[in-house]
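Before any comments, here is the structure.
The values are calculated or read from the model by the stated rules, or taken from the named source; none is laboratory data. Bear in mind that the values here come from a model prediction, so they are computed numbers and not experimental data. So basically every Cβ, Gly included, is an ideal-geometry build from the backbone, and we count neighbours across all protein chains shown. When the accessible area is computed, the model is the full protein with side chains, heavy atoms only, and any ligands, DNA or RNA have been set aside. Shrake-Rupley method; radii C 1.70, N 1.55, O 1.52, S 1.80 Å.
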Amino acid sequence: MPTSSLNPHLPFGENKNAEWYGKDIISVKQFKREDLEYIFGVAHEMRGMVERIGTFDLLKGKILANLFYEPSTRTSSSFTAAMERLGGSVIPINEVKYSSVSKGESLPDTVRTLECYADVIVLRHPETGSAAIAAKAARKPVINAGDGVGEHPTQALLDTFTIFEELGAGQVDGMTVTMLGDLKYGRTVHSLARLLSLFKVKINYVSPDILKMPKEVMDEVAVKGIPQAEFGSLEKVLPETDVLYVTRVQKERFEDPADYEKVKGAYVIDPIVMKAAKKDMIVMHPLPRVGEISVDFDDDPRAAYFRQMEYGLYVRMALLAMVLGKA
Ligand code: CP
């Protein structure tokens, strides 16, 4: 996109004919490769604008309802920061027990309420499919900020943008991406595997037996002709890995706590393990971490997980501008 379209000194009109105007963002299945190139172009511009002027009025007068039924630090605060960096404002509902949800209000009624006051709704909910239900009820755009063990599409977009920015767009094709940890319940890896299947990558899955990548996701990726392989240990695949995507074993998703005890701490990334990895690869993590990456590795230039959070701000700025007809 032309740089001038984000110039804060130009008058901004809503472009109701823009491709993404008024659209919901529910699943990565919505995106084609050219959409990613467009989103990452806008996100790159947003990065430049934040670095140059910090805050600007692209979404002045617009309101975001940030509706979180599950805990969040990054997604919730980066959407808030994104809206405020663009000159808009936010209705934060980070603890639904203090809202009318605690009186039994349904999700469709809650989003119908919020869209009376806001222009866009960001939703995190513990049930898979909840974002689609909310989007069906709402006239305004709904953005899925994580629906149970289903999807986390904006995380997958920021993860892929991180790979583009850190390793170079031209290098995504041909890369080997290794996903490690809880691949069964990890919605971030479900979305990322699907999104990366738009590129010519090879994907390795390393997990305990009880936390393997769901067959449904692997089948969808296989249809795109992407080579995939499953492993129980990292040793064999680490030397060929360009992107190591580490995930937390999520205690809160286990029905039987004994199963969690069996697999927690199954993998720990530390400077000794990382001696076997390439010098020009990156380690990513959606965070929070609870010990699967040692803090001793944080100062290694390959540790991209803190930079990854910042890329999320620019991608979420781009998405808000797009669905509100300003990009
Ligand atoms: N990555 C991520 O979704 O983090 P939060 O749970 O803190 O939002």
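Quick notes on this one:
- Of all residues making up region 126-137, the number that are under 24 Å from Tyr185 (Cβ atoms) and either assigned to a loop (DSSP other than H, G, I, E, B) or in contact with a helix residue (DSSP H, G or I) (Cβ under 7 Å, 6 or more places away or on another chain) (or both): 7
- Residues located in region 101-115, provided they are modelled with pLDDT under 85 and within 17 Å of Ala137 (Cβ to Cβ): none
- Cβ separations smaller than 8 Å between residues 6+ apart or across chains give the following pairs from region 78-104 residues that are in the same structural domain as Ala118 (by TED's automatic domain parsing) and within 19 Å of Gly312 (Cα to Cα) to residues that are among the β-branched types (Val, Ile, Thr) and open to solvent by 60 Å² or more (accessible area, probe 1.4 Å): Glu84/Thr55; Arg85/Thr55; Leu86/Thr55; Gly87/Thr55.
- Meets criteria (free of Cβ contacts under 8 Å to residues at least 12 places away in the same chain and within 16 Å of the ligand (Cβ to nearest atom)) for Glu261: no
- Counted residues, region 281-301 - those being open to solvent by 60 Å² or more (accessible area, probe 1.4 Å), touching a residue at least 24 places away in the same chain (Cβ under 8 Å) and either in contact with a His (Cβ under 8 Å, 6 or more places away or on another chain) or more than 14 Å from the ligand (Cβ to nearest atom) (or both): 1
- Of everything listed in (1) open to solvent by 10 Å² or more (accessible area, probe 1.4 Å); (2) of a type in the set (Val, Ile, Thr); (3) farther than 22 Å from Lys184 by Cβ; (4) within 16 Å of the ligand (Cβ to nearest atom), the single unmet condition for Val273 is (4).
- Filtered by the rule that a residue be in contact with a helix residue (DSSP H, G or I) (Cβ under 8 Å, 6 or more places away or on another chain) and either under 14 Å from Pro108 (Cα atoms) or touching a residue at least 40 places away in the same chain (Cβ under 8 Å) (or both), region 172-183 gives Met175, Thr176, Val177, Thr178, Met179, Gly181, Asp182, Leu183.
- Pairs with Cβ under 6 Å, 6+ apart, first in region 138-164 and part of a loop (DSSP other than H, G, I, E, B), second within 11 Å of the ligand (Cβ to nearest atom) and open to solvent by 10 Å² or more (accessible area, probe 1.4 Å): Val149/Arg187; Gly150/Arg187; Glu151/Arg187; His152/Arg187; His152/Thr188
- All of (1) in contact with a Ser or Thr (Cβ under 8 Å, 6 or more places away or on another chain); (2) modelled with pLDDT of 95 or more; (3) not acidic (Asp, Glu) hold for Lys275 with one exception: (1).
- Each residue in region 197-213 was checked for being open to solvent by 50 Å² or more (accessible area, probe 1.4 Å) and either outside any strand (DSSP E or B) or touching a Lys or Arg at 6+ places or on another chain (Cβ under 7 Å) (or both), and 4 of them qualify.
- Selection status of Ile121, buried (at least 16 other Cβ atoms within 10 Å of the Cβ) and in contact with a strand residue (DSSP E or B) (Cβ under 7 Å, 6 or more places away or on another chain): yes
- Selection of helices (runs of 4 or more DSSP H) fully inside region 4-121 by the criterion of at least 2 residues being within 16 Å of the ligand (Cβ to nearest atom) and farther than 17 Å from Leu157 by Cα returns 74-85.
- When residues in region 143-166 are screened for being open to solvent by less than 20 Å² (accessible area, probe 1.4 Å) and either more than 16 Å from the ligand (Cβ to nearest atom) or not small (Gly, Ala, Ser) (or both), 15 of them pass.
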